[in-house]
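Below is one structure; the comments refer to it alone.
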């Protein structure tokens, strides 16, 4: 007889760790190295494999494949992990891969994220808190996505790209460069099309903060001088503005991709 909350058709392999109040619906499979936190729900036909930890109260919907071998031809069976935070929503057909030896051996997803149907999180990705992936989003390996970022339906993010906190990638976009915090990228290939003003307003940023961000944006992507010269000017002029300094730090940190920039300067 199945345990309370676990459907009799579900397969829970020996070694799996189930927190209090876990619900596992029909035809789910939970692997031997999986840990499900308190109150996790697998609705039905969900497979959780590998060395995977699912945080408390996360709900996973039918036909999601979580923690299976990464889609990386260099993977040779090395130990790797996937960690998903608390209070996430993982809808139908979502796939999430663990890390690989070449990328730190772990994929990490934060708390309160929503992954809509058929979206994908590739190996060695780091996704922050309160992130939204719309339907069919494709996140390639080694990407970093900051807190409160939103990626629109059908968008693709190239491997090793960074999406800054509070950024927005428009639906059907192809992002092949780093997107600054608070920025908005549109198109295929995507270009920087301004700031995510709607997102900032929804999250309660003040008019003063938004005004300062707009001014810094215009200076940063003006036509005069080099980007690094303009970056130094912005860093000095907005030295006491933590939001602007977040953008400055993001650009200075750099990565393996170029920076997503406007088509025609700051007026784009």
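The values are calculated or read from the model by the stated rules, or taken from the named source; none is laboratory data. As the structure is a computational prediction, the values presented were derived from the model and not from experiment. Here the Cβ positions follow ideal geometry from the backbone for every residue, glycine too, while neighbour counts run over all protein chains shown.
Remarks
- Here residue 136 passes the criteria (1) surrounded by fewer than 24 Cβ atoms within 10 Å (Cβ to Cβ); (2) under 30 Å from residue 206 (Cα atoms); (3) without any contact (Cβ under 8 Å) to a residue 40 or more places away in the chain except the one numbered (2).
- Test for residue 89: is it under 16 Å from residue 43 (Cβ atoms), at pLDDT 95 or above and crowded, with 19+ Cβ neighbours inside 10 Å: no
- Counting only helices (runs of 4 or more DSSP H) wholly contained in the range 159-268, the ones carrying 1 or more residues that are out of contact with any strand residue (DSSP E or B) (no Cβ under 7 Å at 6 or more places or on another chain), surrounded by 16 or more Cβ atoms within 10 Å (Cβ to Cβ) and touching a residue at least 40 places away in the same chain (Cβ under 8 Å) occupy 207-220, 242-253.
- From the options 113, 88, 143, residue that is closer than 21 Å to residue 251 by Cβ and out of contact with any helix residue (DSSP H, G or I) (no Cβ under 9 Å at 6 or more places or on another chain): 143
- All of 128, 152 fail the test of being farther than 16 Å from residue 109 by Cβ and either free of Cβ contacts under 8 Å to residues at least 12 places away in the same chain or surrounded by fewer than 24 Cβ atoms within 10 Å (Cβ to Cβ) (or both), apart from 152.
- Scope the range 104-121; condition part of a loop (DSSP other than H, G, I, E, B) and either over 25 Å from residue 75 (Cα atoms) or within 10 Å of the chain's Cα centre (by Cα) (or both); matching residues: 110, 111, 112, 113, 116, 117
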